[in-house]
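J.: Before I ask anything, here is the structure I am working with.
Every number in this text was worked out from the coordinates using simple rules, so none of it is lab data. Quantities reported herein were computed from a predicted structural model and do not represent experimental measurements. Heads up, the Cβs are rebuilt from the backbone with ideal geometry, glycines too, and the neighbour counts pull from every protein chain shown.
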Amino acid sequence: MAEEAARLARLRLIRSPRIGPVTYRQLIARFGDAQAALDALPALALRGGGQAATLADPASVRRELAVVERLGARHVFLDDPDYPALLAELENAPPALIVRGDIGLLARPCVAMVGARNASAAACRFARQLAQGLGDAGATVVSGLARGIDTAAHHGSLASGTVGVIASGIDITFPPENAELQERVAQQGLLIAEQPPGAEPLARHFPSRNRIIAGLAQGTVVVEAAPRSGSLITARIAAEAGREVMAVPGSPLDPRAQGCNQLIREGATLVQGVDDILEMIRPIDARAVRSPVSGFGVEPGAEPDAAERNRVEGLLGPVPVPVDELIRQSALPGAAVQLVLLELELAGRLERHAGGRVSLL
């Protein structure tokens with residue numbers, strides 16, 4: 001019963017308004033567990049200058065847990081032993097994943113494969129061959145179940161075990177024509193969703209999906225991609241996380257190859273076959289991983305006074321600024337600054353941006 005109550009509290013904290021991945025980690029680091037964090041939220045929001053925090057309804061959270069179980073899936077929380085270690089390295093790692101299938105596939109070396117939805121026949125064939133070769137070599141292929149390259153990558157690696165990460169609830173298929181493929185991925189591999197059941201694949205969910213794809217893998221391979229495409233976003237996330245970025249070169253006359261050629265020009269590894277990929281990911285096998293809830297949080301004991309809170313807030317404005325710069329200019333301990341930011345965020349007055357930057361709303 002205690003374990004069930006703890007899981008309910010974690011999911012309730014995750015589903016509460018204004019609790020994003022970074023905020024979740026900070027709350028757990030400061031208060032030790034989700035229930036203590038839930039108890040502290042109203043006071044934190046009031047100190048930040050907002051109204052009392054709204055908490056997720058326990059009944060709706062219980063319904064989600066029941067629906068997920070009925071679908072043959074389960075929640076995996078950030079501090080669970082089988083939460084993917086590489087994904088946990090990301091500062092904005094999802095506090096909970098909903099998984100259906102064999103999560104043991106993530107214990108093998110993982111390679112993300114992404115690319116254009118309107119990919120050429122030749123690129124799809126090459127992606128399928130790469131995925132099959134990686135599977136035969138003992139690697140797990142991770143992709144996003146989209147049209148084009150994603151679909152080809154999953155088909156190539158179904159027999160060896162493939163991982164599909166979707167931008168919707170675990171019970172929603174997008175695109176519709178991949179319904180059979182998505183079910184086969186869940187049956188023969190692993191299907192992952194961050195959104196709760198019933199959630200439609202909204203545009204804002206896809207960048208979040210992309211960070212999971214990149215975060216699960218030791219390296220990301222891009223096969224055909226236009227400039228400013230979602231595939232390049234995935235590659236950028238991988239690079240920022242210190243993972244390998246690889247690209248398949250293409251004709252300069254094909255717009256679908258411009259993104260890959262650009263990545264290679266910027267330093268991505270050129271890929272011509274499976275051996276090129278395996279050579280890049282092998283050195284990372286033994287990398288040390290961070291604890292799922294350490295290194296990013298607000299440590300206990302940091303209690304800034306009113307003057308210190310005003311000092312931090314006075315340094316903020318509508319232009320995003322790095323948190324490190326706030327710590328430097330305020331001359332306060334990092335934990336104290338992080339606590340003030342946490343209070344402002346819970347009060348609905350702070351927005352977090354990519355690259356560890358924040359701004360006032």
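J.: Over the chain, one equal point on each Cα, no solvent: what is log10 I(q)/I(0) by the Debye formula at q = 0.12, 0.15 Å⁻¹?
T.: Debye intensities relative to I(0), on a log10 scale: -0.90, -1.25.
J.: For the stretch 183-256 and the stretch 120-181, what is the separation of their C-alpha centers, rounded to whole Å?
T.: Answer, in whole Å: 11.
J.: Given only helices, namely DSSP H runs of n ≥ 4 each adding -39500 (n - 2.57), what is the per-residue ellipticity at 222 nm of the chain, to the nearest 500 deg cm²/dmol?
T.: About -13500 deg cm²/dmol.
J.: In square nanometres, what is one fourth of the surface area of the convex hull spanned by the alpha carbons of the stretch 306-360?
T.: In nm², the orientation-averaged hull projection of the stretch 306-360 is 3.3.
J.: Quick one: go through the stretch 98-131 and flag any residue whose amide nitrogen is under 18 Å from the point 7 Å out along the Cα-to-Cβ line of Leu253.
T.: Within reach of a label on Leu253, which here means backbone N under 18 Å from a point 7 Å along Cα→Cβ, the stretch 98-131 contributes 120-123.
J.: Starting from the Cα-Cα distance between Glu177 and Arg228, subtract it from 0.36 nm times their residue separation and give me the gain in nm to one decimal.
T.: Here the segment from Glu177 to Arg228 would lengthen by 15.8 nm.
J.: Compute a Gaussian network model of the chain, connecting alpha carbons closer than 10 Å, and tell me which residue from Gly219, Gly314, Gly169 fluctuates the most.
T.: Gly314
J.: Nearest 0.05, what FRET efficiency do Ala6 and Arg125 give at R0 = 51 Å with Cβ-Cβ as r?
T.: Given R0 = 51 Å and the Cβ-Cβ separation, E is 0.60.
J.: Further, regarding this structure: Does a label point 7 Å from the Cα of Gln272, set along Cα-to-beta-carbon, have any residues of the stretch 218-233 with amide nitrogen under 18 Å, and which are they?
T.: 222-224
J.: Using the Cβ atoms and a cut-off under 13 Å, what net charge is assigned to the surroundings of Ile170, where Lys and Arg are +1 and Asp and Glu are -1?
T.: Local net charge: -2.
J.: Expressed in nm to one decimal, what extension gain is obtained for the pair Glu91 and Ala331 from 0.36 nm per residue of sequence separation less their Cα-Cα distance?
T.: That pair, Glu91 and Ala331, stretches by 84.0 nm at full extension.
J.: Taking the stretch 177-214, which trypsin sites (Lys or Arg not before Pro) meet the DSSP loop condition and have no more than 14 other C-beta atoms within 10 Å?
T.: Within the stretch 177-214, the qualifying trypsin sites (Lys or Arg not before Pro) (loop, at most 14 other Cβ atoms within 10 Å) are Arg204.
J.: While we're on this one: Which GluC sites (Glu not before Pro) from the stretch 163-259 combine a DSSP loop assignment with at most 16 other Cβ atoms within 10 Å?
T.: none
J.: If you take all C-alpha pairs in the stretch 2-77, what percent of them are over 21 Å apart?
T.: Result for the distance tail: 26 percent.
J.: Compute the distribution of all C-alpha to C-alpha distances in the stretch 108-178, in bins of 10 Å from 0, and list the percent of pairs in each, rounded to whole numbers.
T.: Computed distribution, short to long bins: 24, 53, 23, 0.
J.: Enumerate the whole-percent occupancy of each 10 Å bin, from 0 to the last occupied one, for all C-alpha pair distances of the stretch 100-284.
T.: Pair shares across the bins are 11, 43, 37, 9, 0.
J.: Ratio of Rg to Rh for the stretch 160-258, alpha carbon only, Kirkwood?
T.: 0.99
J.: Please determine, in degrees from 0 to 90 and to the nearest 10, the orientation of helix 2-15 with respect to the longest principal axis defined by the Cα atoms of the chain, where the helix direction is its Cα long axis.
T.: 90
J.: Report the full-extension gain for the segment Arg282 to Arg265: residue separation times 0.36 nm, less the Cα-Cα distance, to one decimal in nm.
T.: My answer for the length gained is 3.8 nm.
J.: Just grab the label-to-label distance for Ala66 and Ala203, each label 7 Å out from Cα along the Cβ direction, in nm (one decimal).
T.: Each label point is offset 7 Å from its Cα along the Cβ direction, giving 3.7 nm.
J.: Which angle from 0 to 90°, rounded to the nearest 10, does the C-alpha axis of helix 121-136 make with the longest principal axis of the chain?
T.: So the inclination is approximately 80 degrees.
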